[in-house]
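Chemist: Once you've had a glance at the structure underneath, I'll fire off some questions.
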């Protein structure tokens, strides 16, 4: 998959599955429409199921670019096992790729105008391969910015749920989406 990958974590806690569900129930608010004058309460909005949840982190402003978090809850010998799948919303990837291409083309056009103004003539534009190379560089820049920003978002999510659920063990898992997880 092109774009930032899903990050999967396994949290283990001594809390029973019922205790985990109670903590999640207190921490997760129901999805609702955006109102800038509404007091902010819950940090996460979404839905809670008997064996899992699906949420998105909230903030002081409406932001469709925050990671979508799906959690699966199960009992194990330790207490409870919570598997977190943190995924970028599709809008995130598309916006950054399109924006970096647009910025790249705008900068290339600006450079052409500046060179034309300095020399008084039209500068050679180079080959198609050079234009493709420049565009690919801007896509790579967008990918790097997107990946770095999402890593920061994923780290916030992991710290929050590890603290909320008193996780005693955090294990990185191979990146699989909840729909393909066994």
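Every number in this text was worked out from the coordinates using simple rules, so none of it is lab data. Note that this is a predicted model, so its numbers are computed, not measured. Here Cβ is always computed from backbone atoms with ideal geometry, including for glycine, and neighbour counts include all displayed protein chains.
Chemist: Fewest first, what order do 87, 172 take by the number of other Cβ atoms within 10 Å? Before the final figure, lay out the partial values.
Modeler: Working: 87 20, 172 10.
Neighbour counts put them in this order, fewest first: 172, 87.
Chemist: Could you check the spin-label model distance between residue 99 and residue 74? Points 7 Å from the Cα along Cα→Cβ, value in nm.
Modeler: My value for the distance between the label points is 3.8 nm.
Chemist: In what order do 74, 147, 80 fall by count of nearby beta-carbon atoms within 10 Å, going from fewest to most?
Modeler: On the way: 74 12, 147 15, 80 21.
Going from sparsest to densest Cβ surroundings: 74, 147, 80.
Chemist: Please report 112, 13 as a ranked list, fewest other C-beta atoms within 10 angstrom at the top and most at the bottom.
Modeler: Values: 112 13, 13 23.
By the 10 Å Cβ count, ascending, the order reads 112, 13.
Chemist: Right, here's the next one. Could you check the simple spin-label distance between residue 156 and residue 51, using points 7 Å along Cα→Cβ, in nm with one decimal?
Modeler: 3.1
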